[in-house]
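Some notes on the structure that comes next.
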Amino acid sequence: ALGTLFIGANLVSGLIGYQGLNLVAEARPTHLVYLAVLVAPQALGDTAVEHALLHDHAAAVVTSRAATSDPGAIAQAAAVGVPIVNGGAGSRIGDLSLIVPVNDLKLGRQAIAAAIGSPVNVYVPQNTINAVDLAWAAMHHQSVVPAHIVPPARTSAAIAGGAVVEVAAPHATTTGVLSLLSQLGALLGRRHLRAEPVSDLARAPEVSA
């Protein structure tokens with residue numbers, strides 16, 4: 001019975017999380033794309049990749065697994081101004097999050113804070129958000145930004161005015177990431193769109209605890 005109740009609560013949470021939480025209320029301008037990129041920490045720690053992310057106005061999605069495996073790379077990217085957002089624990093379990101009561105948001109946030117020395121209050125779920133995450137986000141004034149997660153090959157179809165897009169390339173080499181970001185910048189230019197990091201959608205938290 002408790003399991004059924006938890007799953008039911010998670011289904012409701014998933015619907016709420018799909019709309020986001022603690023986001024700015026303004027309508028999304030049609031000339032903007034809100035952008036995030038998930039890459040390996042080794043690539044994220046590369047100076048050229050960091051400059052490309054800043055040039056493309058893209059946030060970096062960082063998971064607990066990435067922050068733990070190479071905290072120096074995450075800290076370096078944050079230090080030069082790359083917007084860092086919380087990608088949770090780092091396991092893509094999909095709809096299993098509806099039956100597994102893991103606080104994905106908290107795990108990611110703690111690992112990132114340990115790496116960069118300050119809290120990150122923007123969460124971009126990599127799985128269906130569950131009741132544990134949603135309750136924790138509400139209590140701690142976290143912004144939940146649901147993004148359309150696509151692999152590099154499907155980026156062109158996802159990029160449109162007002163869209164919130166995460167390009168997931170966790171296995172790409174540094175050279176591959178640089179090529180991806182260059183193509184992404186060119187695509188935005190051809191479509192007369194401008195990117196902003198997904199973190200720009202977040203409402204400033206009242207509390208960062």
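What net charge is computed for the residues neighbouring Val145, neighbours being all others with C-beta under 11 Å from the C-beta of Val145, Lys and Arg scored +1, Asp and Glu -1?
My count for the surroundings of Val145 gives -1.
Viscosity 1.306 mPa s, temperature 10 °C: Stokes-Einstein D of region 126-209 from its Kirkwood Cα radius, in µm² per second? Walk me through the numbers before you get to the answer.
Details: Rh = 14.9 Å.
Rounded, D is 107 µm²/s.
For every other residue with a beta carbon closer than 12 angstrom to the beta carbon of Val132, add +1 if it is Lys or Arg and -1 if Asp or Glu, then tell me the sum.
Combined, the nearby Lys, Arg, Asp and Glu give -1.
Kindly rank 142-153, 121-132, 171-182 from highest to lowest mean number of other beta carbons found within 10 Å of each residue.
121-132, 142-153, 171-182
Any read-out appearing in this document is the output of simple, stated calculations on the displayed coordinates, not a laboratory observation. Since this is a predicted model, take the numbers as computed values, not measurements. Positions of Cβ are generated from backbone atoms using ideal geometry, with glycine treated the same way; all protein chains shown enter the neighbour counts.
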